[in-house]
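Inspection log for the structure reproduced underneath, given as structure tokens.
The values are calculated or read from the model by the stated rules, or taken from the named source; none is laboratory data. Fair warning: this is a prediction, and the values are worked out from it, not measured in the lab. Here Cβ is always computed from backbone atoms with ideal geometry, including for glycine, and neighbour counts include all displayed protein chains. Just the protein is used for accessible areas: all its heavy atoms, side chains included, with ligands, DNA and RNA removed. Shrake-Rupley method; radii C 1.70, N 1.55, O 1.52, S 1.80 Å.
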Amino acid sequence: MAEELRRSRAGPVRSRRLLRHVRDVMAGPGSGQSRLNEVVRTIAADMEVEVCSVYVMRPGDLLELFATEGLRPTAVRRTRLRVGEGVVGTIAAEARPYNLPEAALHPSFASRPETGEEAYHSMLGVPILRGGVVIGVLAVQSRQRRIYPAAEVEALQTAAMVLAELVAGGELVSRDEFRPTAASPLRPERYDGLALSPGLAMGAAVLHQRRLGIREMVAEDPEAELERLNEAVTRMHRALDDLLVSADLGTSGAPRDVLETFRMFAEDTGWLDRIAEAIRSGFTAEAAVQKVHEDMRARLAQVSDPYLRERLHDFDDLANRLLRHLSGEHGPTVRADLPEQFILVAGNLGPVELLDYDRGNLKGVVLEEGSTTAHATILARALDIPVVGRVHNVLANVEPGDRVIVDGDRSQVFIRPADEVAESFEQALKARADRRAAYAAMRDLPAETRDGARVALYLNAGLSVDLAALAETGAEGVGLYRTEIPFMARSAYPGVDDQAEIYREILDAAGEKPVLFRTLDIGSDKSLPYWGLRGEENPAMGWRAIRVSLDRPLMLRQQFRALVRAAAGRPLSVMFPMVAHVSEFIAARRLLWREVERERAAGVPVPEPLRAGVMFEVPALAWQLPELLARADFVSVGTNDLLQFLYASDRSNPSVADRYDPLSPPVLALLRSVVEHCAAARVPLSLCGEAAGRPIEAMALIGIGFRSISMPAPGIGPVKTMIRSLELGPLEQYLKTLYNLPDHSLRERIRAFAVDHGVTI
Ligand code: PEP
Ligand code: MG
């Protein structure tokens with residue numbers, strides 16, 4: 001025990017001493033190269049090893065020996081290793097330390113006889129990191145075969161961090177070598193990225209700045225630094241709370257969950273403990289924040305779990321926030337003098353960083369990284385800000401003030417577009433605004449055809465913010481509430497109370513309008529970050545949706561309990577996804593009833609009326625309709641899945657996803673048969689796939705007999721416009737002539753009908 005204590009104290013002391021010596025050399029006179037030579041001499045002497053060398057990353061992913069104590073001086077600037085080659089190259093590739101008693105035994109060892117290193121056995125090497133990127137390797141070697149103790153590993157990492165300033169400072173190699181290569185800076189550029197949030201936007205580029213320079217790396221008085229850290233953390237918590245209160249995102253729902261998760265990260269004691277530990281080893285509070293952050297970046301960069309990698313951006317955001325509070329800049333990150341309409345260009349964004357910008361002026365976002373599940377993405381979608389991500393190297397090619405167009409519908413970004421391109425985008429933006437205004441004006445008009453047929457238009461929703469569209473569009477209710485979406489936006493599985501809170505909020509927001517809750521549809525493309533699903537070869541046809549729910553009945557029962565409590569005596573409609581056999585529906589409904597009875601027995605007011613419906617997504621149900629309709633209270637057709645199964649054509653595989661047209665004879669014939677069965681059994685029928693939101697498809701659906709369809713909010717205006725211009729009688733007659741045609745698609749025929757009959761599609 002005493003030995004352990006001595007060792008753990010020896011760590012900070014050794015780090016502190018080495019750090020001080022390295023700092024003194026760095027602050028001393030001489031060129032960059034001469035100071036580097038002095039640093040390797042100092043480290044070798046301090047650590048009592050024969051060799052200390054620095055390799056610097058050069059263009060083409062080559063590590064070049066820049067300074068050495070102990071290896072042959074003639075090898076300096078001659079010996080080079082590719083990233084991944086030799087132990088040094090492996091340290092750079094994996095961005096982590098290697099501690100080897102016999103380096104030559106390592107599988108990737110590469111001999112470099114010109115250095116004379118054969119004489120040495122053990123090796124300890126650490127990456128030199130800057131901004132999470134490896135810019136070099138610092139290594140010590142010794143004739144002795146030994147494992148370097150943890151304190152020495154820590155000390156060498158500490159030295160590497162200080163060295164990073166010298167390596168990247170521009171004295172040894174041009175700073176540009178550490179920047180992504182830039183194309184000609186003034187030409188117009190078009191990039192393809194990944195659409196993360198839909199919509200169009202144009203504005204002047206604002207480059208997101210986050211790094212604060214750190215002036216002092218080493219502190220003499222750790223206690224004073226710890227005090228500064230504590231004060232800054234308190235200030236940061238307070239400022240975050242203020243921001244959460246003022247973020248104006250309603251009282252809960254996914255965006256709020258995102259922010260609260262972020263607040264939780266800010267209180268992560270593991271993170272704060274590591275910073276305190278780094279301070280005890282001799283760093284200033286600022287340098288300690290940066291060091292812990294660099295370590296975390298390097299470690300998380302190796303992780304393949306996308307959820308964990310995404311959390312890195314939350315920590316980026318936090319580290320910068322904490323640095324700002326340490327430096328005494330209490331205000332927001334954001335300058336006041338930003339253009340009136342701007343596009344934010346960033347490597348990546350943390351969720352709270354997005355909110356730092358004035359939402360009136362921030363029109364769009366371009367990210368070099370970014371993913372659909374990132375917290376900033378979820379917020380941007382909720383706030384209706386178009387985002388295109390995965391735009392490689394964009395930061396190297398854009399200057400502040402450049403005109404930028406973000407097309408979140410076509411996954412494109414234009415930098416400095418030619419005037420004609422900008423003009424046509426301006427027109428598209430204006431036309432879009434005009435259309436929105438026209439749809440808004442139609443909000444209270446009925447969705448009724450010219451010959452008097454009424455169609456009920458419902459909304460598909462998944463977040464509480466989506467519910468705002470109920471009032472904006474005049475939709476009759478929520479025809480599909482995807483319960484898995486709020487689950488996906490959370491960092492942990494919500495319990496019954498949390499779920500009840502989510503559902504209650506939805507029902508409250510919907511008021512008198514009905515909501516069809518679909519039970520969890522997880523699996524396939526929808527995974528829960530905290531619930532590792534095993535990888536499946538064909539996940540769309542795998543363990544998902546009702547199959548998971550029936551195999552994990554406790555989960556389903558908890559969901560029912562939460563729904564029943566949220567309804568608190570109000571009407572409740574629940575439907576089950578991916579039912580393939582009527583027995584699955586019976587089993588799920590039985591669980592629902594059982595749960596209702598339990599709640600009733602416990603004195604909880606139970607929903608009235610309670611309706612259990614089924615999603616028609618698996619073709620096998622087409623041959624079980626009489627049995628199903630005798631039991632189901634309603635049916636909703638999910639064409640997104642139905643079509644992929646009907647045509648054996650993966651909806652998420654771009655090479656086949658659009659191979660078959662929903663407007664084709666087999667699809668229309670199948671849907672027509674479902675309409676007839678439901679009408680005969682007097683079971684209400686709706687359709688909630690994406691197709692319902694496209695005017696031409698919606699027209700055909702109404703023509704074959706659907707009187708209720710549910711769609712994403714942007715579809716309601718265009719579909720209502722179509723319905724109000726349609727005369728249903730002739731369309732019904734026309735469609736009857738199409739069911740038996742051998743055509744691959746009926747789209748052009750149906751489009752021609754619309755044009756000939758003045759239907760606005
Ligand atoms: C569908 O499959 O059509 C549907 C509405 O469900 P989801 O898109 O959520 O799978
Ligand atoms: Mg589906």
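Among residues of the stretch 684-702 that are within 15 Å of Leu746 (Cβ to Cβ) and touching a residue at least 12 places away in the same chain (Cβ under 8 Å), those with a beta-carbon under 6 Å from a residue that is within 16 Å of ligand 2 (Cβ to nearest atom) and in a helix (DSSP H, G or I) at least six positions away or on a different chain give the pairs Ala691/Thr639; Glu697/Ala691; Ala698/Ala692. Restricting attention to the stretch 604-654, the residues being modelled with pLDDT of 95 or more, within 16 Å of ligand 2 (Cβ to nearest atom) and of a type in the set (Lys, Arg) number 0.
Looking at the stretch 16-91, what strands (runs of 3 or more DSSP E) fall wholly within it and have at least 2 residues that are open to solvent by less than 60 Å² (accessible area, probe 1.4 Å)? I'd like the intermediate steps shown before the answer.
On the way: elements: 51-58, 62-69, 80-82.
It comes to 51-58, 62-69.
Hey, among the residues in the stretch 562-580 that are among the aliphatic types (A, V, I, L, M) and open to solvent by 10 Å² or more (accessible area, probe 1.4 Å), which one's modelled with the lowest pLDDT? Don't jump to the end; show me each part of the working.
Applying the first criterion (among the aliphatic types (A, V, I, L, M)) to the stretch 562-580 yields 562-564, 566-568, 572, 574-575, 578-580.
When the remaining residues are screened for being open to solvent by 10 Å² or more (accessible area, probe 1.4 Å), the result is 568, 580.
Working: Ala568: 95, Ala580: 98.
My answer is Ala568.
Scanning the stretch 704-716 for residues that are surrounded by 23 or more Cβ atoms within 10 Å (Cβ to Cβ), small (Gly, Ala, Ser) and away from ligand 1 (no atom under 12 Å from the Cβ) yields one hit, Gly715. Does the stretch 721-746 hold any residues that are under 28 Å from Pro446 (Cβ atoms), out of contact with any Pro (no Cβ under 7 Å at 6 or more places or on another chain) and not hydroxyl-bearing (Ser, Thr, Tyr), and which are they? Ile723, Arg724, Leu726, Glu727, Leu728, Gly729, Pro730, Leu731, Glu732, Gln733, Leu735, Lys736, listed by residue number. The set of residues from the stretch 581-591 being surrounded by fewer than 22 Cβ atoms within 10 Å (Cβ to Cβ) and either within 15 Å of ligand 1 (Cβ to nearest atom) or in contact (Cβ under 8 Å) with a residue 24 or more places away in the chain (or both) comprises His581, Val582, Glu584, Ile586, Ala587, Arg589, Leu591. Only one of Val22, Val13, Val56 is within 42 Å of the chain's Cα centre (by Cα) and at pLDDT 90 or above; which? Every option except Val56 fails the conditions.
Check the stretch 538-545 and report whether any residue there is of a type in the set (D, E, K, R), assigned by TED's automatic domain parsing to the domain that holds Val618, within 16 Å of ligand 2 (Cβ to nearest atom) and in contact (Cβ under 8 Å) with a residue 12 or more places away in the chain. Steps first, please.
Within the stretch 538-545, the first condition is being of a type in the set (D, E, K, R), and the residues that meet it are 544.
Okay, now just the ones that are also assigned by TED's automatic domain parsing to the domain that holds Val618, so 544.
Still in the list and also within 16 Å of ligand 2 (Cβ to nearest atom): 544.
Imposing the further condition that a residue be in contact (Cβ under 8 Å) with a residue 12 or more places away in the chain reduces the set to 544.
Yes, some residue in the stretch 538-545 is of a type in the set (D, E, K, R), assigned by TED's automatic domain parsing to the domain that holds Val618, within 16 Å of ligand 2 (Cβ to nearest atom) and in contact (Cβ under 8 Å) with a residue 12 or more places away in the chain.
The residues of the stretch 658-698 that are β-branched (Val, Ile, Thr) and away from ligand 1 (no atom under 16 Å from the Cβ), listed by number, are Val675, Val683, Ile696. Checked against the criteria, Ile761 does not count as open to solvent by less than 20 Å² (accessible area, probe 1.4 Å) and away from ligand 2 (no atom under 16 Å from the Cβ).
Between Glu505, Glu472, the distinction of being modelled with pLDDT under 95, open to solvent by 20 Å² or more (accessible area, probe 1.4 Å), in contact with a helix residue (DSSP H, G or I) (Cβ under 6 Å, 6 or more places away or on another chain) and among the acidic types (Asp, Glu) belongs to Glu505 only. For the structure I just gave you, tell me whether Val167 is buried (at least 24 other Cβ atoms within 10 Å of the Cβ), in a strand (DSSP E or B) and in contact with a strand residue (DSSP E or B) (Cβ under 9 Å, 6 or more places away or on another chain). No; evaluated as a whole, the condition is false for this residue.
Suppose we keep only residues that are within 24 Å of Trp593 (Cβ to Cβ) and among the basic types (Lys, Arg) within the stretch 603-657. Which one would you say is nearest to ligand 1 (Cβ to nearest atom)? Working first, answer last.
Step one: list which residues in the stretch 603-657 are within 24 Å of Trp593 (Cβ to Cβ), which gives 603-618, 621, 624-636, 638.
Retained after the next criterion (residues that are among the basic types (Lys, Arg)): 611, 631.
Details: Arg611: 18, Arg631: 21 Å.
Filtering first and then ranking leaves Arg611.
For the stretch 519-536, the criterion of a residue being modelled with pLDDT of 90 or more and not in a loop (DSSP other than H, G, I, E, B) is satisfied by no position.
Residue-by-condition table, conditions (1) open to solvent by 60 Å² or more (accessible area, probe 1.4 Å); (2) out of contact with any Ser or Thr (no Cβ under 8 Å at 6 or more places or on another chain); (3) β-branched (Val, Ile, Thr); (4) under 29 Å from Ile343 (Cα atoms):
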{"site": "Gly401", "(1), (2), (3), (4)": "no, yes, no, yes"}
{"site": "Ala431", "(1), (2), (3), (4)": "no, yes, no, yes"}
{"site": "Asp434", "(1), (2), (3), (4)": "yes, yes, no, yes"}
{"site": "Arg443", "(1), (2), (3), (4)": "yes, no, no, no"}
{"site": "Ala453", "(1), (2), (3), (4)": "no, yes, no, no"}
{"site": "Gly479", "(1), (2), (3), (4)": "no, no, no, no"}
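What are the residues in the stretch 120-165 that are in contact (Cβ under 8 Å) with a residue 40 or more places away in the chain and of a type in the set (Ser, Thr, Tyr), if any? Tyr120, Ser142, Tyr148, Thr158, listed by residue number.
Any idea how many residues of the stretch 116-148 are under 39 Å from the mean Cα position of the chain (by Cα) and open to solvent by 10 Å² or more (accessible area, probe 1.4 Å)?
The total comes to 7.
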